[in-house]
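**Q** Okay, handing you the structure first.
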Amino acid sequence: RNHNYDYDLIVIGGGSGGLACAKEAIQHGAKVACLDYVTPTPLGTKWGIGGTCVNVGCIPKKLMHQAALLGEGLHEATAYGWDIPNKEQIKPDWNKLVESVQNHIKSVNWVTRVDLRDKHVEYVNGLGSFKDAHTVVATLKNKSEKILTADKIVIAVGGRPNYPDIPGAIEHGITSDDIFSLDRAPGKTLVVGAGYIGLECAGFLKGLGYDATVMVRSIVLRGFDQQMATIVSDAMVERGINFLHKCIPKSVEKQADGKLLVKWLNTEANTEHSDVYDTVLWAIGRKGLVEDLKLENAGVVFKGTKIEVSEAEGTNVSNIFAVGDVIYGKPELTPVAIHAGRLLARRLFGGSTQTMDYVDVATTVFSPLEYACVGLSEEDAIKKMGGEENIEVYHGFYKPTEFFIPQKSVRYCYLKAVAERSGDQKVLGLHYVGPVAGEVIQGFAVALKAGLTIKTLFNTVGIHPTTAEEFTRLNITKRSGLDPTPAS
Ligand code: FAD
Ligand code: NA7
């Protein structure tokens with residue numbers, strides 16, 4: 001070790017990427033400190049160690065999604081013979097749900113702290129900033145400062161939600177950082193933004209019985225396959241979620257009765273509108289948390305709110321690296337941050353040369369009708385292969401067993417395999433909407449990474465009766481023009 005420094009490694013940020021990196025570095029004998037500090041939201045919401053995923057992201061989101069699915073299941077259960085008295089009066093208790101979700105999170109925070117202590121990672125609950133390229137200042141809660149030096153520094157500060165620059169946005173609006181611990185039922189809610197976070201929040205709110213509206217600036221789920229995005233949003237409309245298309249918010253005012261008067265502009269018709277809501281939730285994208293880091297003191301170059309890194313997650317300063325949501329142009333997903341953090345620690349301290357592969361990362365949108373995919377969207381496949389004539393799209397609607405008895409529409413289970421047209425037809429992308437979408441796509445993601453072809457896919461014997469098996473028998477191409485809807 002280089003004894004000129006207190007530590008071999010300082011990780012700034014104790015979220016998915018930072019913790020994975022710190023713990024892996026310890027495995028390789030490094031002396032490691034990990035800083036984590038949460039600046040409260042404008043509403044005053046704060047949380048413990050573990051970062052976005054555990055506290056205000058994937059985990060509470062999936063728990064609330066599950067709560068919403070159970071409500072739906074309760075209604076479907078009667079079709080199977082469950083006798084549920086006063087079904088229409090069944091309502092979730094928001095405060096009880098929040099309490100259960102927060103209890104789970106607190107237990108994870110605690111386990112994380114114990115784990116760090118057991119592994120001898122020094123945890124510093126302070127806001128980190130650079131003094132120079134090897135020195136980090138941790139500003140603790142009581143405003144005192146702790147100076148730490150290290151040979152290598154990893155920036156894993158993640159991101160936080162953006163607020164629009166309109167009157168009342170910060171004073172009266174909330175974000176995903178607040179919703180999972182909100183101390184009152186959200187009531188009638190306007191969700192601004194139609195990325196995956198906006199759709200998921202509106203989805204579980206409606207599923208829990210609250211009136212939900214999504215305001216869409218341009219298109220739904222930009223960056224995702226647009227045919228799939230349409231199926232997802234149509235299914236949301238069918239569940240009673242309102243969509244305001246081509247609209248942007250103008251102002252939020254609090255009325256005397258405490259409700260929020262929102263004014264917005266329809267950019268297509270150039271007309272102004274307004275309505276009153278109990279809650280306004282901004283889901284308009286996220287910014288990297290570079291602001292507090294004083295990167296200029298270390299000479300680290302950044303791009304907007306993000307840091308551009310090399311193939312080896314290196315910044316322009318040789319001993320400083322970055323992983324996770326704070327890096328520029330890579331998928332903002334927990335497993336991406338974890339994998340990159342771990343591989344980085346192995347390279348820095350374990351003699352490894354393996355770099356992170358950011359290509360073909362599978363993901364799921366936990367909208368009421370779940371959507372999961374891996375690889376290219378149909379649009380991107382057409383672009384990559386130089387035209388529609390060079391790809392083949394196999395697709396089909398399917399009625400899973402779960403849909404039979406409650407008589408759910410076949411329109412809400414759809415599978416699509418996008419492949420090269422020639423040879424064994426390498427699979428470029430797989431798309432699925434339907435039950436347990438993430439579980440369906442995960443295994444296929446492995447196959448796609450291993451070079452899956454249509455020939456292999458169709459040569460695989462399915463597991464019956466599942467929805468995933470349908471991928472092995474998609475025999476209708478879009479080109480054929482045949483109806484992909486099954487007869488029954
Ligand atoms: P984070 O987990 O955000 O951790 C960064 C940590 O650093 C935070 O604790 C932060 O407070 C701290 N920090 C920041 N600045 C400093 C500083 N100067 N000093 C000290 N500490 C600092 N991903 C999925 O894969 N699946 C999902 O289903 C999913 N759902 C999501 C739902 C929502 C609502 C949101 C918001 C995100 C979701 N994500 C999901 C994304 C996922 O949460 C992030 O990609 C992941 O948490 C990024 O990890 P990270 O380590 O880069 O940053
Ligand atoms: P996204 O995926 O960046 O989506 C943001 C959404 O908000 C998107 O629909 C945007 O519309 C919309 N948006 C952005 N700015 C505004 C303003 N000012 N007014 C109204 N609507 C706006 O963000 P998420 O929060 O869903 O997800 C964050 C990241 O996590 C995302 O990058 C994923 O990779 C993971 P647009 O399409 O730009 O017109």
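Throughout, read-outs are computed from the coordinates displayed, never taken from laboratory work. Just so you know, these numbers come straight off a predicted model, no measurement behind them. Virtual Cβ from ideal backbone geometry, glycine too; neighbours counted across all protein chains shown.
**Q** Could you sort out which of Lys106/Lys287; Lys62/Lys206; Lys106/Lys141; Lys206/Lys330; Lys246/Lys383; Lys61/Lys303 sit more than 23 Å apart by Cα distance in this structure?
**A** In this structure, Lys106/Lys287; Lys206/Lys330; Lys246/Lys383; Lys61/Lys303 lie more than 23 Å apart at Cα.
**Q** By how many nm would the segment from Phe243 to Thr401 grow when fully extended, if each residue of separation counts as 0.36 nm and the alpha-carbon distance is taken off?
**A** 53.9 nm
**Q** Continuing with this model, one more query. Neighbouring Cβ atoms within 10 Å as the yardstick, rank Leu70, Leu369 fewest first.
**A** Sorted ascending by nearby Cβ count, the order is Leu70, Leu369.
**Q** Another question, if that's okay. Expected output is a single nm value to one decimal: the length gained when fully extending between Val359 and Lys263, i.e. 0.36 nm times separation in residues minus the C-alpha distance. What is it?
**A** Using 0.36 nm per residue and subtracting the Cα-Cα distance, I get 30.5 nm.
**Q** Return the whole-Å distance between the Cα centroid of segment 83-152 and the Cα centroid of segment 183-242.
**A** 28 Å
**Q** Using just the helices of the chain, give the 222 nm mean residue ellipticity in deg cm²/dmol: DSSP H runs with n ≥ 4 each add -39,500 (n - 2.57), and the total is spread over all residues, rounded to 500.
**A** -9000 deg cm²/dmol
**Q** One quarter of the convex hull surface, Cα atoms only: what value does that give for segment 56-174 in nm²?
**A** Across all orientations, segment 56-174 yields a mean hull projection of 13.3 nm².
**Q** Could you list Val365, Val276 so that the one with the fewest beta carbons within 10 Å of its beta carbon is first and the one with the most is last?
**A** Going from sparsest to densest Cβ surroundings: Val276, Val365.
**Q** Evaluate 2.2 N^0.38 Å with N set to the residue count of segment 312-410, then give the Cα radius of gyration divided by it.
**A** Against the compact-globule rule of thumb, the ratio is 1.56.
**Q** Also, I was wondering about something else. Using the per-residue mean of other Cβ atoms lying within 10 Å as a proxy for protection, in what order, highest first, do the peptides 162-172, 75-85, 49-59 fall?
**A** 49-59, 162-172, 75-85
**Q** Given the options Ser409, Phe397, Val359, identify the residue whose Cα lies farthest towards the positive end of the charge dipole of segment 356-422 (+1 on Cβ of Lys, Arg; -1 on Cβ of Asp, Glu).
**A** Among Ser409, Phe397, Val359, the one farthest towards the positive end of the dipole of segment 356-422 is Ser409.
**Q** Here's a follow-up. Under 16 Å from a point 7 Å along the Cα-to-Cβ line of Lys449: which residues of segment 338-367 have their amide N that close?
**A** Flagged as within label range: 338-344, 354-364.
**Q** So, one more: Along the Cα→Cβ direction, 7 angstrom out, place labels at Glu72 and Leu182. What is the inter-label distance in nm?
**A** In this crude label model, Glu72 to Leu182 measures out at 2.0 nm.
**Q** Let me ask you something else. In whole Å, what is the distance between the alpha-carbon centres of segment 418-449 and segment 354-402?
**A** For segment 418-449 versus segment 354-402, the Cα centre distance is 6 Å.
**Q** Among Thr267, Thr467, Thr45, what is the fewest-to-most ranking by other Cβ atoms within 10 Å?
**A** Thr267, Thr45, Thr467
**Q** Treating the beta-carbon of each Lys and Arg as +1 and of each Asp and Glu as -1, no other charges, what is the dipole magnitude of segment 46-193 about its Cα centre, to the nearest 20 debye?
**A** Once rounded to the nearest 20, the dipole reads 400 debye.
**Q** How tilted is helix 16-27 with respect to the longest principal axis of the chain? Cα atoms for both, answer in degrees (0 to 90, nearest 10).
**A** Once rounded, one gets 50 degrees.
**Q** So, with +1 on the Cβ of K and R and -1 on the Cβ of D and E, and no other charges, what is the size of the charge dipole of segment 295-415 about its Cα centre, to the nearest 20 debye?
**A** For this selection, approximately 360 debye.
**Q** Specify which residue in the list Thr466, Met385, Ala447 is farthest towards the positive end of the charge dipole of the chain, using unit charges on the beta carbon of Lys, Arg (+1) and Asp, Glu (-1), about the Cα centre.
**A** Ala447
**Q** What is the angle, in °, between the Cα long axis of helix 437-449 and the longest principal axis of the Cα atoms in the chain? Nearest 10 is fine, range 0 to 90.
**A** 70 degrees
**Q** Fully extended, how many nm does the chain gain between Ser352 and Leu482 (0.36 nm per residue separation, minus their Cα-Cα distance)?
**A** 41.7 nm
**Q** Right, something else. For segment 41-99, which semi-axes, largest first and in whole Å, follow from the square roots of 5 times the eigenvalues of its Cα gyration tensor?
**A** Equivalent ellipsoid semi-axes, largest first: 32, 13, 7 Å.
**Q** Can you give the Kirkwood hydrodynamic radius of the chain from its Cα pairs, in Å with one decimal?
**A** Across the chain, the inverse of the average 1/r is 24.4 Å.
**Q** Classify segment 374-488 as rounded, prolate or oblate, taking a ≥ b ≥ c as the square roots of the eigenvalues of its Cα gyration tensor: rounded when a/c is under 1.5, otherwise prolate if a/b is larger than b/c and oblate if not.
**A** prolate
**Q** Starting from the amide H of Gly396, placed 1.01 Å from N in the peptide plane, find each other amide H under 5 Å away whose residue is 5 or more places distant or on another chain.
**A** For Gly396, the qualifying residues are Leu415.
**Q** To continue, here is another question. Let's test the formula: R0 of 45 Å, r as the Cβ-Cβ distance of Ser251 and Lys87. What FRET efficiency results, to the nearest 0.05?
**A** It comes to 0.65.
**Q** Continuing with the same structure: Which of the aspartates and glutamates could a cross-linker span from Lys119 if the Cα-Cα distance has to be under 14 Å and same-chain partners fewer than 8 positions apart are dropped?
**A** Reachable aspartates and glutamates: Glu24.
**Q** Follow-up question, since we're still on this one. What spacing in nm lies between the two simple spin-label points modelled at Asn297 and Glu389, each 7 Å away from Cα in the Cβ direction?
**A** 6.1 nm
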